[in-house]
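For reference, the structure is listed below as structure tokens.
The values are calculated or read from the model by the stated rules, or taken from the named source; none is laboratory data. The structure presented is a predicted model; accordingly, all values stated were derived computationally and were not measured. All Cβ positions, even for glycine, are placed from backbone atoms using ideal geometry, and neighbour counts span all protein chains on display.
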């Protein structure tokens, strides 16, 4: 059986002795008290029971913590092999431009993509993400590529436009209400089509891609993320929880759809409370493009906060095995950090791409996430901070 051969590169990672340490992975420095006697940890946003959260001991209270990778083997599927090759090309491009790769990126670059399995326990310098509670419970959600039926022309039924990215920066200052209610982008030739349901358009924007099916001839067009306006994202689900419309424990895409199907007059106000707006572009490829311009592949791609985890990193994810929304078990899967999402910030969130699966809305569970890394050389903390300063 062929296995991955590790090329142990000499890379620098700061590990300071004493009470304070600085952890650097992918563009951010986090100061943490490694030996604090009373760690104050945040609360989980989802209910503890039934959502897979675990009580890990000890709880380090850190954004990233050294961890021992489990003794598991991950088979290299054709999609995973394709993803590895694309990430290696991406990382080689970064190097050719003079960018210094970070430890988890160098780990990916050093792998043999022709191998049959990956031996996870060989990654002896790996880091556990702190999760929402800084104890290891990362909230896992999932996203897919939704199918939207559209008309090429506007009508009474199909009246909600799907827009391409405007060229003028002035248009990027528009809010969702100005774009959709006041039609500031109307007749600029930016329409990719018109949908019958504004909630479908909104959810496609959240996912970052969609398949458009023309009602006149059944032809399909994949569209992908092209950019967004300059306004911050506000979660529709969190608004409904805030207002007592949907219980936190029951929140899902299907619950959002059900609520607005029963209360259609409330939809516009809720949508406009989120001023953020996503624009699309046609995509001629089989799969959507992820944030680092490689393919978003189902069962492989993960959306991360790139300030914490650099693109191209390998992630070992403790994903739930679900029957509907109920956890029946757990499994270790290998994901690649090559996408991002407006709601994915810090160590507490990870979004898993599921392709065209319509079951993505069932996933809102906790699991451990490990950033895989090779053994690294020691470096003084001052040198680490100097390196961080040059990256900004």
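Within the set 312, 341, the sole residue that is under 27 Å from residue 223 (Cβ atoms), buried (at least 16 other Cβ atoms within 10 Å of the Cβ), outside the structural domain of residue 166 (by TED's automatic domain parsing) and at pLDDT below 90 turns out to be 341. The lone criterion from (1) in contact with a strand residue (DSSP E or B) (Cβ under 6 Å, 6 or more places away or on another chain); (2) farther than 29 Å from residue 350 by Cβ; (3) at pLDDT below 95 left unmet by residue 193 is number (3). Does at least one position in region 230-241 carry a residue that is surrounded by 18 or more Cβ atoms within 10 Å (Cβ to Cβ), outside any helix (DSSP H, G or I) and under 19 Å from the mean Cα position of the chain (by Cα)? No, that holds for no residue. Each residue in region 66-123 was checked for being assigned to a loop (DSSP other than H, G, I, E, B), closer than 13 Å to residue 312 by Cα and in contact with a strand residue (DSSP E or B) (Cβ under 9 Å, 6 or more places away or on another chain), and 2 of them qualify. Just one of (1) farther than 15 Å from residue 332 by Cα; (2) surrounded by 15 or more Cβ atoms within 10 Å (Cβ to Cβ); (3) at pLDDT 90 or above fails for residue 93. It is (2).
Annotation note: Cβ proximity below 9 Å between a residue of region 257-272 that is outside the structural domain of residue 229 (by TED's automatic domain parsing) and a residue that is exposed (fewer than 11 other Cβ atoms within 10 Å of the Cβ) (sequence gap 6+ or interchain) occurs for no pair.
Here residue 184 meets each of (1) touching a residue at least 12 places away in the same chain (Cβ under 8 Å); (2) outside any loop (DSSP other than H, G, I, E, B) with one exception, condition (2).
In region 253-271, is there at least one residue being touching a strand residue (DSSP E or B) at 6+ places or on another chain (Cβ under 8 Å) and in a loop (DSSP other than H, G, I, E, B)? For region 253-271, residues touching a strand residue (DSSP E or B) at 6+ places or on another chain (Cβ under 8 Å) and in a loop (DSSP other than H, G, I, E, B): absent.
Has region 101-116 got any residue that is over 24 Å from residue 290 (Cα atoms) and either in the same structural domain as residue 63 (by TED's automatic domain parsing) or surrounded by 16 or more Cβ atoms within 10 Å (Cβ to Cβ) (or both)? Yes; the residues of region 101-116 include at least one that is over 24 Å from residue 290 (Cα atoms) and either in the same structural domain as residue 63 (by TED's automatic domain parsing) or surrounded by 16 or more Cβ atoms within 10 Å (Cβ to Cβ) (or both). Hey, does region 179-191 have a residue that's out of contact with any helix residue (DSSP H, G or I) (no Cβ under 9 Å at 6 or more places or on another chain) and crowded, with 18+ Cβ neighbours inside 10 Å? Within region 179-191, not a single residue is out of contact with any helix residue (DSSP H, G or I) (no Cβ under 9 Å at 6 or more places or on another chain) and crowded, with 18+ Cβ neighbours inside 10 Å.
Condition check: surrounded by 15 or more Cβ atoms within 10 Å (Cβ to Cβ) and either assigned by TED's automatic domain parsing to the domain that holds residue 355 or under 19 Å from the mean Cα position of the chain (by Cα) (or both). Does residue 278 satisfy that? So residue 278 fits the description; yes. The strands (runs of 3 or more DSSP E) found wholly in region 273-375 and carrying at least 3 residues that are without any contact (Cβ under 8 Å) to a residue 24 or more places away in the chain and touching a strand residue (DSSP E or B) at 6+ places or on another chain (Cβ under 9 Å) occupy 326-339.
As a summary of the residue check, residue 44 satisfies the conditions (1) modelled with pLDDT under 80; (2) surrounded by fewer than 16 Cβ atoms within 10 Å (Cβ to Cβ) except for the one numbered (2). Residue count for region 149-160, restricted to those that are surrounded by fewer than 20 Cβ atoms within 10 Å (Cβ to Cβ) and within 30 Å of residue 357 (Cβ to Cβ): 7.
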